[in-house]
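The values are calculated or read from the model by the stated rules, or taken from the named source; none is laboratory data. None of these values were measured; they are calculated from a predicted model. Reconstructed Cβ throughout: ideal geometry from the backbone, glycine too, with neighbour counts over all protein chains shown.
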Amino acid sequence: MFLRNAWYVGAWGTEVGRQNLLRRTLLNEPVMFWRQEDGTPVALADKCAHRHAPLSAGQLVGDAIECPYHGLTYDASGACIRVPGQSTVPPNCRVHSYPVVERYQWIWVWMGDPALANPDDIEDFHWMDHPEWRAKGELMHLKANYKLLVENLLDLSHLSFIHKTTLGTNAVAETPMQFDRSDRHVTVTRWIMDSPAPPFFQKAGGFTPEEHVDRWQHITWTPPAFVRLDIGSARANTGAVDGDRSQGFTMRNLNAITPETEKTTHYFWAQAHDFRIDEPWITDLLVQNIHEAFLEDLWIIGLQQENVDSGTTLPRIDINHDGGGLQAIRNLDRMIAEENNPAVAQAAE
Ligand code: FES
Ligand SMILES: [Fe+2]
């Protein structure tokens, strides 16, 4: 049900250390994170090969982890290197070691065949640590399937309703979008021309409630569940066909969505901006506003999941605004089917 041969964000770099060994379920698998003495992050299956106790409840011994139950000890590659009370280690005694890369403030984990892991395939989130940008974010927990969150981010017409006191204005839902897609990406673009700025944008951009802005939302999905939003507002009526971005401010809302189980999701996100980056309170204001808006998303999506779980078999009705979400989920489902059945992939070529 999940795309396995892919990089996912498993943790913020700040969450992983040598104290408080981190256990986190990713794609239904218990994973433990820790750092070697030189700081290199490690991700191992959090299930001892002996009797399946969680290694994350154990302790580090140098660059190895000792199981809390009977003391079997594993190195960073997952190989068992010590069995108390015997001089030899059973040859197949090891736990799975996940390829990991620390990049863009996050610890990335490859959940599939380690032989296929290529760090070059990690999604571009350079705004997270680029010197001309400032980014900050958090991890939220969603009680719903991750695809519902992908759909949510690809259709921002919900801003007019769920986020009416923060990000939304009536004009958002009334403005159609343009869609662009390939097998590997979907983009959704919307320009909301010559209309009042929402409360959050008034604060961020210094617009008055009466002032009109041209506002853009340019959203890109890439598999399995990365959604990057290029958003902003500029002074209206500049004469430019699509608005003049130089007359306003730009932000990136960066979302890395990792399934925990079929019905729960780790939601890593950050807000990045390239204006007034030497004023941390601006970043904090942006993050706080988005956090409050995302709580509204988690609320409605959690309720959606409850209704899904109620066993109803009613079909879902699609509307124009669903174009981006439908295409993204279709692409993702095709990739999952191909991964599980290579014959499907060959037939498609
Ligand atoms: S369960 Fe880990 S050593 Fe026995
Ligand atoms: Fe939302």
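Right, GLU29: in contact with a Leu (Cβ under 7 Å, 6 or more places away or on another chain) and more than 16 Å from ligand 2 (Cβ to nearest atom) or not? If you could, list the steps in order and put the result at the bottom.
Numbers: in contact with a Leu (Cβ under 7 Å, 6 or more places away or on another chain): no; more than 16 Å from ligand 2 (Cβ to nearest atom): yes.
It is false that GLU29 is in contact with a Leu (Cβ under 7 Å, 6 or more places away or on another chain) and more than 16 Å from ligand 2 (Cβ to nearest atom).
Within the bounds of segment 6-14, is there any residue that is in a loop (DSSP other than H, G, I, E, B) and not small (Gly, Ala, Ser)? Scanning segment 6-14 turns up no residue that is in a loop (DSSP other than H, G, I, E, B) and not small (Gly, Ala, Ser). The strands (runs of 3 or more DSSP E) found entirely in segment 106-225 that carry 1 or more residues being assigned by TED's automatic domain parsing to the domain that holds GLU29 and surrounded by 16 or more Cβ atoms within 10 Å (Cβ to Cβ) are 106-110.
Please find, among CYS80, CYS67, the residue that is under 30 Å from LYS263 (Cα atoms), crowded, with 18+ Cβ neighbours inside 10 Å and not charged (D, E, K, R).
One residue alone meets the criteria, CYS67.
Considering only segment 32-44, I want to know if a residue exists there that is farther than 24 Å from TRP106 by Cβ and of a type in the set (Phe, Trp, Tyr). Quick ask: steps written out before the conclusion?
Kept after step one, since they are farther than 24 Å from TRP106 by Cβ, are these residues of segment 32-44: none.
For segment 32-44, residues farther than 24 Å from TRP106 by Cβ and of a type in the set (Phe, Trp, Tyr): absent.
Scanning segment 18-33 for any residue that is within 22 Å of ALA225 (Cα to Cα), more than 13 Å from ligand 1 (Cβ to nearest atom) and part of a loop (DSSP other than H, G, I, E, B) turns up at least one such residue.
Here's a check for you: in segment 270-289, which residue that is touching a residue at least 40 places away in the same chain (Cβ under 8 Å) and in contact with a helix residue (DSSP H, G or I) (Cβ under 7 Å, 6 or more places away or on another chain) is farthest from GLN202 (Cα to Cα)? Ranking the candidates gives ALA270 first.
Please indicate, with yes or no, whether at least one residue in segment 162-173 is within 14 Å of PHE226 (Cβ to Cβ) and not charged (D, E, K, R). Taking every residue of segment 162-173 in turn, none turns out to be within 14 Å of PHE226 (Cβ to Cβ) and not charged (D, E, K, R).
Which of the residues spanning segment 261-306 are more than 16 Å from ligand 2 (Cβ to nearest atom) and either among the β-branched types (Val, Ile, Thr) or closer than 20 Å to LEU153 by Cβ (or both)?
Just the residues of segment 261-306 that are more than 16 Å from ligand 2 (Cβ to nearest atom), to begin with: 261-264, 266, 272-285, 306.
Those that are more than 16 Å from ligand 2 (Cβ to nearest atom) and either among the β-branched types (Val, Ile, Thr) or closer than 20 Å to LEU153 by Cβ (or both): THR261, GLU262, LYS263, THR264, HIS266, ALA272, HIS273, ILE277, ILE282, THR283.
Counting only helices (runs of 4 or more DSSP H) that sit wholly inside segment 278-349, those with at least 2 residues that are buried (at least 17 other Cβ atoms within 10 Å of the Cβ) are 280-309, 323-340.
Looking for something part of a strand (DSSP E or B), in contact (Cβ under 8 Å) with a residue 60 or more places away in the chain, touching a Lys or Arg at 6+ places or on another chain (Cβ under 6 Å) and outside the structural domain of TRP269 (by TED's automatic domain parsing) - is there at least one such residue anywhere in segment 59-80? Before the answer, list the steps.
Quick first cut of segment 59-80, residues part of a strand (DSSP E or B) only: 59-61, 64-66, 73-75, 79-80.
So of that shortlist, the ones also in contact (Cβ under 8 Å) with a residue 60 or more places away in the chain come out as none.
No, that holds for no residue.
Does VAL89 qualify as being in contact with a Cys (Cβ under 9 Å, 6 or more places away or on another chain), β-branched (Val, Ile, Thr) and without any contact (Cβ under 8 Å) to a residue 60 or more places away in the chain?
Numbers: in contact with a Cys (Cβ under 9 Å, 6 or more places away or on another chain): yes; β-branched (Val, Ile, Thr): yes; without any contact (Cβ under 8 Å) to a residue 60 or more places away in the chain: yes.
So VAL89 fits the description; yes.
Restricting attention to segment 233-265, the residues being touching a residue at least 24 places away in the same chain (Cβ under 8 Å) and assigned to a strand (DSSP E or B) number 15.
Consider segment 32-56 and keep the residues that are touching a residue at least 12 places away in the same chain (Cβ under 8 Å) and exposed (fewer than 15 other Cβ atoms within 10 Å of the Cβ). The one that is nearest to ligand 2 (Cβ to nearest atom) is THR40.
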